[in-house]
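Notes to accompany the following structure.
The values are calculated or read from the model by the stated rules, or taken from the named source; none is laboratory data. Note that the structure is predicted; figures quoted are calculated from it, not measured. Cβ placement follows ideal geometry from the backbone for every residue including glycine, while neighbour counts extend to all protein chains displayed.
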Amino acid sequence: MPKKSGILILGEGTITIMGKKIAVITDSNSGITQAQAKEIGLYVLPMPFMIDEETYYEDITLTQEAFYKRLSENANVITSQPSPESILKLWDEVLETHDEIVHIPMSSGLSGSCQSALMLAEDYDGKVQVVNNQRISVTQRQSALDALMLAEKGLDAAQIKEALEEDKFNSSIYIMLDTLYYLKKGGRITPAAAALGTILRLKPVLQIQGEKLDAFAKARTVSQGKSIMINAIKSDMEKRFGGATPDNIHLQIAYTYDNGAAEQLKREVEEAFPGFEVHMDPLSLSVACHIGPGALAVACSKCLRH
């Protein structure tokens, strides 16, 4: 078997460090599909949804297409936490072939699933390290990739958790909504505010700086909204993350439903940030549930160094 820097590479993402096999688990909010997880060498816990009182699991029994079809039919779509049983089952199965787990759930500011996982991990004697690093979607995906990178460098699960949590605020997401309907439906804005925004054809730009989804700006046009997001990312790169260079920043695009609009945004972002590789994924369905189709997002994460 090949060796690298004293680390024994066993294949399929399994990494042995000083006799320890480290596994990385995240959830489907990361945008990593089950097929991609196998290619990358990690595990993805599917998020459950209740649609008209029937339970579905993201990327298992609920596809992106089916989700948006049900949303357009005005079905009652509710996000849910993974059950304790599903988490424990996955952990126990993974620990049959690994010594330690790094578990990276969606931001604790957006769901209670992180706190639930932290409580469940108390019974695993340190073998399961739950990372509360306030990420979602493409930035959560980057955390999972960073965890694999840190394992390859020789860190154990507890050290990886510490490194990711120290880095938790070194990311930004800006999201422009196409409609206010779903924010109103979820009670996040008043019907009057939604009606006024619709009449004025406002495109709200929201931000995720770690803990929660917050208002950031209002745009009158899609073009203005894109400019607001791109300029906000540029500002964060320079003022918060130490410089807008490809070796310092991971740059990402995310979207809900409209792939064509996302591809156009990607081209504009690549033009605004020459030399950057731009990763693009659909936004997590747990976020899409609250903001609806047609949303576009620009995101970045500072490259993790250790």
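Condition check for L120 on (1) at pLDDT 95 or above; (2) part of a loop (DSSP other than H, G, I, E, B): one failure, at (2). Count of the stretch 156-170 residues, restricted to those that are touching a helix residue (DSSP H, G or I) at 6+ places or on another chain (Cβ under 8 Å) and at pLDDT 95 or above, is 4. When we screen Q134, Q142, Q129 for residues that are outside any helix (DSSP H, G or I), within 24 Å of I253 (Cβ to Cβ) and either outside the structural domain of V298 (by TED's automatic domain parsing) or hydrophobic (A, V, I, L, M, F, W, C) (or both), the only hit is Q134.
Does I233 satisfy the criteria of being touching a Lys or Arg at 6+ places or on another chain (Cβ under 6 Å), over 16 Å from T179 (Cβ atoms) and outside any loop (DSSP other than H, G, I, E, B)? Show your work before the answer.
Details: touching a Lys or Arg at 6+ places or on another chain (Cβ under 6 Å): no; over 16 Å from T179 (Cβ atoms): yes; outside any loop (DSSP other than H, G, I, E, B): yes.
For I233, the condition - touching a Lys or Arg at 6+ places or on another chain (Cβ under 6 Å), over 16 Å from T179 (Cβ atoms) and outside any loop (DSSP other than H, G, I, E, B) - is not met.
Limited to the stretch 56-97, what total is found for residues that are part of a loop (DSSP other than H, G, I, E, B) and more than 19 Å from the chain's Cα centre (by Cα)?
If we filter the stretch 56-97 for residues that are part of a loop (DSSP other than H, G, I, E, B), which is where we start, we get 59-61, 63, 73-76, 80-83, 96-97.
In the following step, the residues that additionally are more than 19 Å from the chain's Cα centre (by Cα) were identified as 61, 73-76, 83, 96-97.
So the answer is 8.
There is no residue in the stretch 162-170 that is buried (at least 24 other Cβ atoms within 10 Å of the Cβ), in contact with a strand residue (DSSP E or B) (Cβ under 6 Å, 6 or more places away or on another chain) and in contact (Cβ under 8 Å) with a residue 40 or more places away in the chain.
Taking residues in the stretch 223-237 that are assigned by TED's automatic domain parsing to the domain that holds Q209, and partners anywhere that are part of a helix (DSSP H, G or I), the pairs with Cβ atoms closer than 8 Å and at least 6 places apart or on different chains are K226/L265; K226/E268; I230/E268; I230/V269; I230/A272; K234/A272. Answer yes or no as to whether K226 is touching an Asp or Glu at 6+ places or on another chain (Cβ under 7 Å) and either of a type in the set (K, R) or not in a strand (DSSP E or B) (or both). For K226, the condition - touching an Asp or Glu at 6+ places or on another chain (Cβ under 7 Å) and either of a type in the set (K, R) or not in a strand (DSSP E or B) (or both) - is met.
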